[in-house]
Each structure stands twice: as structure tokens, then as C-alpha cells.
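Report on one structure; see the data block that follows.
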Amino acid sequence: MSDCRIQLTINGQQTSVEAPPMKRLLDVLREDLDLTGTKEGCGEGECGSCSVRMNGELVNSCMVPILQAHGAHIETVESLAIDAELHPLQKAFLECGGAQCGICTPGMLMAATHLIAHNPNPSLEQIREGLAGNLCRCTGFIKIFDSVITAAAMEGSRTHAR
Amino acid sequence: MNQFNYLHPASTDQAVSSASSDGSKFIAGGTTLVDLMKLYVENPSTLVDVNDLPLAQVESLPNGGLRVGAMVRNSDLAFHPTVKEKYAVLSEALLSGASPQLRNMATTGGNLLQRTRCPYFRDVTAGPCNKRNPGTGCSAIDGFNRTMAILGTSDHCIATHPSDMDVAMTALEALIFIEGPKGKRSVPINDFYKLPGDTPHIENVLEPGELITHVEIPPAISTKQHYLKLRDRASYEFALASAAVVARVEGGHIHSVRIAMGGVGTRPWRAHEAEAVLTGKPATPAHFQAAAEAALRGAKPHTENAFKVELAKRCVIRALKVATA
């Protein structure tokens, strides 16, 4: 099937791409828009590495055909830092050792951002549930949970935005 | 992934007429279909996208029931105030399934049509599978079958039905509304799914081109409800055994009860025999035990999954205990 033109807003910027309709949002972000922060882990919706927010909901971008993102607002990990100023979650991941090899980190950051946006002071149980769709093979998760708890207590963890 | 046509109808009528050709499939949240297309298990020639159809509403019905559109996302349904208040078993089941990311995409209609996680079905290089290629044989029967079904199996297929939502919907006796080339009809959920028999590739009563438009859940007034799911991990894993209980208890006696099981059947498994054992009886551990025995009486385990018989019994007992407490 021939390419289609898709309009979408990525991290606040309107853009349009031409792509085959079933090209994954993940690949459009990485290949067409050079936003390589979003990582592919499993490619089948299991690991959450490719998590982005679409119209305010957390989704696996490897499972979204680009046609279904037409007109959507997408937020990727690149939206978190404002120029050199890291998002409190990113600072906390650095501080607490929440990132090791880095493949799961962008997805973890997006899931954690999503969680804190809805629940500014999540309990450990709520953090576990909020990050349930994101697998990490390095940290054993504890340092990631610590990072989210630390970030939630930081100034601007919800308001940090362009 | 193979080439295919892509249609984007704006009305249900259009969707139905565009999907009546061979090889066409509806696509909603895509959490099963996109996955299976990437694995070459599903190779549709036409995809009919139903995301723009006006089927995403949750509405209360005059009889006290609830009407749920086929496009209502799993997360929206789980957190809907009426569902949380009146259909806790459904909310619990939805939130025990998949991950937040997947629940945000997966839909009510799609979940009713969720495909099995049988590894032989999902891997086209893994050998024969009667569900994937009718008539070729079943690799699971003498293969890796730890997670396979123990109820409703046949000599042709032992694949487990994977859904949690459908188990809760079964205990709630949901009615499935369908629109197709021959008009509209509704089917009780207990008549919707087919046993594998010698045609495991036919999983439900839908005819070509038929689309699920919505589900109606009858009122469940004065009932106590619970969904219990047992699995290898505490989160983000399919059920080894699960139980949905909807019970009316009066003065310590079970006035009426509906029990459905997941993770053990080739379809969402309604446990009528267990219900019969309990109706009119005191809500005591001895009666729960007798009900669980009745629910699993017909179980046929395979080489690696005999543990599921005991696990499912304990699951039913604990779900009854929690629900009636």
C-alpha cells in the first residue's frame, strides 16, 4: 500500500511525515524524525522500552501503526529536559542509579512522568503498578523505584515543561 | 509484515460492508492483531480500522445495567466510576491484565476477541497448529503444555483462552451486540465462544463481516464480587488460574452465585456445576471446597499442567471466601 501523509504534534511541534500506514510510530520517531531517544526493546508490546505518551495516555509506540497517530499529540523522552536543564525525574535517575545500560530508561522515564502527572505522591505499590509495563534487566528495579520516590519529592516534578 | 489494503470507515454500516470480503479484519487497539501480523500468524488482505466509529461510550441503562461501547479502552472501563462501584469484578479483572500501556490501547470489543498465547499458535516456525493451519495437528498436546487448558480441550487443540476481562464478563452474564451484513443481533457471552472440537480455528459465533458494536451488562444489585488471578509473576502475566465471583449472600447463605474461571479453559469457563452446589447453602469453607471440586470435575490435564487442577480449585475457594466475607 502506498505511503500516506500523517500530521501530528511531537513534543509541542506540529509536523507531518509520509510513511506506509502500518509503519510503527516507534520507527517514524526514530527514522523519519531523528528522535532516537525512544528505544526498541522487544517490538511486541512486552517490555515498554518504546513507551511514549499519545494524547496524554501512555502507549507502546511499537504497537501503534502510524495511521492511528494521525492528528495525535505525542510526547517522547526528548520532551523532558528543557535545553540543558534536566527534568527532576532524570536528575533523580542519575542520583539514585536508576539507569544502567539505558535501553529501558526512556520508557521508564515516560511511564514515571505519566504516573507522577496523575499521582504526585505515589506509594511504592502505586509506583510498582505504574511501571508494571516496563521491564529492566539491569537494576533489579529497586533503584528505579527509589528514583521515582526521590523525583516525586523534588520541586517541579510535575510542572517542569516547556 | 505482508501488504494489505487499509480502510478507515466513518460509520458502522460502512465498516460492516467493507469487511465482508475474504481476508479482511477489523482493527481496533491493535494489541493482539498488530502483534500477530508481525509474527505472520495473521495475514489480512484488508484492514478495516474501527477507531473512528462512535462506539466509545459507557452509558447507564434504565434497567440499572450498563452499556459499554466496543471501542471503550480497557483502562477507561476499569476506572469508570459506575464500573468501580457496581461491577468491581470487571474493574479488578481489567486491571489485572496486561500493562498500563496495553490497557490504554486495548478495547472492549478487541478483548472479547483476544487470541490465545499458545506458543505453537504464535510461532509459524514451531510446527503444526490446528488453530493456525486447520488439519495440521496440535504441537502442544505432546509438547510444552504447562500453561495450556485443562477444561474444554479436544484432541485437536488445548490452547488456553487468555483474557481476564472476558471471565468477569462471563460471571456478569454480559450480552454481546453484533452488527453484520445480515443485520443486528445479540448473543449472551456464554453462547459466544465455541469449544475447539475439531475446528479450533473457529473461536466464536461471529460470521464474516460481523462487528461487535457494544456489550450490555445486566444489573448486579446487592451482589458481592471478586476477581482473583494467580500467575507466575505478581504483575503483567497471563493467568495460570483465575476466578470471577458474583454472589448474593443473605444471612450467611448464598442466595445466588455466578462463577467463571480463566487460565484453565479453552474459552472463558462458566462453572455452572459449582454454582449449583452453592445455591441456597451457607457460605462456609466446606461448601466452597465442594464447589471447587465440582468446577474441576471434568478437568483433563496434560503432561506438564496437572498442577492447574489443584491451583484452580484453590483459586475458586479463595475467590469465594473473599467475595462472600
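The values are calculated or read from the model by the stated rules, or taken from the named source; none is laboratory data. In this text the structure is predicted, and so the values were computed from the model without any measurement. Virtual Cβ from ideal backbone geometry, glycine too; neighbours counted across all protein chains shown. All accessible areas refer to the heavy atoms of the entire protein, side chains included, with ligands and DNA or RNA removed. Shrake-Rupley method; radii C 1.70, N 1.55, O 1.52, S 1.80 Å.
Consider the range A:149-162. How many of its residues are assigned to a loop (DSSP other than H, G, I, E, B) and buried (at least 17 other Cβ atoms within 10 Å of the Cβ)? Working first, answer last.
Taking the range A:149-162 first, the residues assigned to a loop (DSSP other than H, G, I, E, B) are A:153-162.
Then drop every residue that is not buried (at least 17 other Cβ atoms within 10 Å of the Cβ), which leaves A:157, A:160.
Of the residues in that region, 2 qualify.
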Filter the range B:22-73 down to the residues that are closer than 16 Å to A:ARG24 by Cβ and among the aliphatic types (A, V, I, L, M) and list them by number. B:ILE27, B:LEU33, B:VAL34, B:LEU36, B:MET37, B:LEU39, B:LEU47
Tally of residues being within 22 Å of A:ARG53 (Cα to Cα), without any contact (Cβ under 8 Å) to a residue 24 or more places away in the chain and in a helix (DSSP H, G or I) across the range A:126-148: 6
If you check B:GLU304 against the conditions, is it free of Cβ contacts under 8 Å to residues at least 60 places away in the same chain and over 18 Å from B:ILE189 (Cβ atoms)? no
Does the range A:7-26 include one or more residues that are in contact with a Lys or Arg (Cβ under 7 Å, 6 or more places away or on another chain), in a strand (DSSP E or B) and not assigned by TED's automatic domain parsing to the domain that holds A:CYS104? yes
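Can you name every residue in the range B:269-279 that is in a loop (DSSP other than H, G, I, E, B) and closer than 18 Å to B:LYS313 by Cβ?
Quick first cut of the range B:269-279, residues in a loop (DSSP other than H, G, I, E, B) only: B:271, B:279.
Of everything in the range B:269-279, just one residue is in a loop (DSSP other than H, G, I, E, B) and closer than 18 Å to B:LYS313 by Cβ, namely B:ALA271.
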For the range B:274-311, which positions are closer than 13 Å to B:LEU240 by Cβ, open to solvent by 50 Å² or more (accessible area, probe 1.4 Å) and touching a Ser or Thr at 6+ places or on another chain (Cβ under 9 Å)? B:GLU304
Residue within the range A:42-52 that is closer than 19 Å to B:ASP49 by Cβ and under 14 Å from the mean Cα position of the chain (by Cα) present: yes
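Table: residues versus (1) within 14 Å of another protein chain (Cβ to nearest Cβ); (2) surrounded by fewer than 24 Cβ atoms within 10 Å (Cβ to Cβ); (3) touching a Ser or Thr at 6+ places or on another chain (Cβ under 7 Å); (4) part of a helix (DSSP H, G or I).
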| residue | (1), (2), (3), (4) |
| --- | --- |
| B:GLN101 | yes, no, yes, yes |
| B:ASN104 | yes, no, yes, yes |
| B:THR116 | no, no, yes, no |
| B:GLY135 | no, yes, no, no |
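Looking for something within 13 Å of the chain's Cα centre (by Cα), of a type outside the set (Phe, Trp, Tyr) and either more than 23 Å from A:LEU131 (Cα to Cα) or open to solvent by less than 10 Å² (accessible area, probe 1.4 Å) (or both) - is there at least one such residue anywhere in the range A:14-21? Spell out the reasoning first.
Step one: filter the range A:14-21 for residues within 13 Å of the chain's Cα centre (by Cα), giving none.
Looking for residues that are within 13 Å of the chain's Cα centre (by Cα), of a type outside the set (Phe, Trp, Tyr) and either more than 23 Å from A:LEU131 (Cα to Cα) or open to solvent by less than 10 Å² (accessible area, probe 1.4 Å) (or both), one finds none in the range A:14-21, hence no.
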